[in-house]
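So the structure is just underneath, and the comments pick up after that.
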Amino acid sequence: MTSAFDPTSLRVKAFAQANASLEGSVPVKHFERLYADCVGEVSTPVQWAAQGATQKKAGASDEIWLHLHAQAQAPLICQRCLKPVLVELLVDRDFRFVPDEATAMAEDDEAEEDLLVLSSEFDLLALVEDELLMDLPLVPMHEACESEHVPTSGDLDTSGVAEKPNPFAVLAALKTKKGD
Ligand SMILES: [Zn+2]
């Protein structure tokens, strides 16, 4: 069954009124801003799902709601050991669409949900990317860095340091010899 709704130009109001849902799987490369933050290739695609809903409101037209779920894996650089760390991103949020920016501003403080301005063609995938970007950790880190038991070749590896002669010791030895 093909959906009547296009996630890149979603008719949000109709989507909500139909209690429709959409889901998809998109390669991370498609999300340029997210991809730019990743180091190396990302094999796991972004999985997302959206559910529309309306809610009756006394004396006003029905509220337009959208629930968004998305998950992704982003390879980032651990800020402790400077090696890649695969970070799980998870988005699970409710959005309510309001008629205009003024309403959004006025109601934003009280609303627990996120408010978005209703447009006739809404880019759902851009929202998915925005939300994933917001879920990126400011300081990505392994829960426990593995540098001690995963020796790799590279400048950042410190496991072999103890076996190398201390350069100052070598220097001291040279000096001693000279002084003889
Ligand atoms: Zn680490």
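For region 1-82, the Kirkwood estimate of the hydrodynamic radius, built from every pair of different alpha carbons, is 15.1 Å.
With an 8 Å cut-off on Cα pairs and a minimum separation of 6 or more residues, tell me the relative contact order of region 32-138 in percent. If you can, show how the numbers build up before the last one.
Details: 164 pairs, mean separation 25.0, N = 107.
Reported as a whole number, the value is 23 percent.
May I ask which residue of 99, 54, 89 lies farthest towards the positive end of the charge dipole of region 34-109, with charges of +1 (Lys, Arg) and -1 (Asp, Glu) on Cβ and the Cα centre as origin? The Cα lying farthest towards the positive end belongs to 89. Under Stokes-Einstein, with the Kirkwood radius over Cα pairs as Rh, the value for region 106-148 at 4 °C and 1.567 mPa s is 93 µm²/s.
Here residue 33 sits with roughly 110 square angstrom of accessible surface, probe radius 1.4 Å. Backbone phi angles across region 119-129, fed through the Karplus curve with coefficients 6.51, -1.76 and 1.60 (θ = phi - 60°), yield HN-Hα couplings of 10, 6, 10, 9, 8, 5, 5, 5, 5, 4, 5 Hz in residue order; Gly and Pro are listed as x. For residue 14, the shell of other residues with beta-carbons less than 13 Å away shows a net charge of -1, using +1 for Lys and Arg and -1 for Asp and Glu. Normalising the average separation of contacting C-alpha pairs (under 8 angstrom, six or more residues apart) by the number of residues puts the relative contact order of region 16-77 at 39 percent.
Ranked by accessible surface with a 1.4 Å probe, highest first, in what order do 64, 77 come? All intermediate terms of the calculation are to be shown ahead of the outcome.
Details: 64 10, 77 55 Å².
Descending order: 77, 64.
Note on residue 57: aspartates and glutamates with a C-alpha under 18 Å away, same-chain residues under 8 apart excluded, are 94, 100, 107, 108, 110, 112, 113, 114.
The values are calculated or read from the model by the stated rules, or taken from the named source; none is laboratory data. The structure presented is a predicted model; accordingly, all values stated were derived computationally and were not measured. Note: ideal-geometry Cβ built from the backbone for every residue, glycine included; neighbour counts use all protein chains shown. We work out accessible area using only protein heavy atoms, side chains counted, and drop any ligands, DNA or RNA first. Shrake-Rupley method; radii C 1.70, N 1.55, O 1.52, S 1.80 Å.
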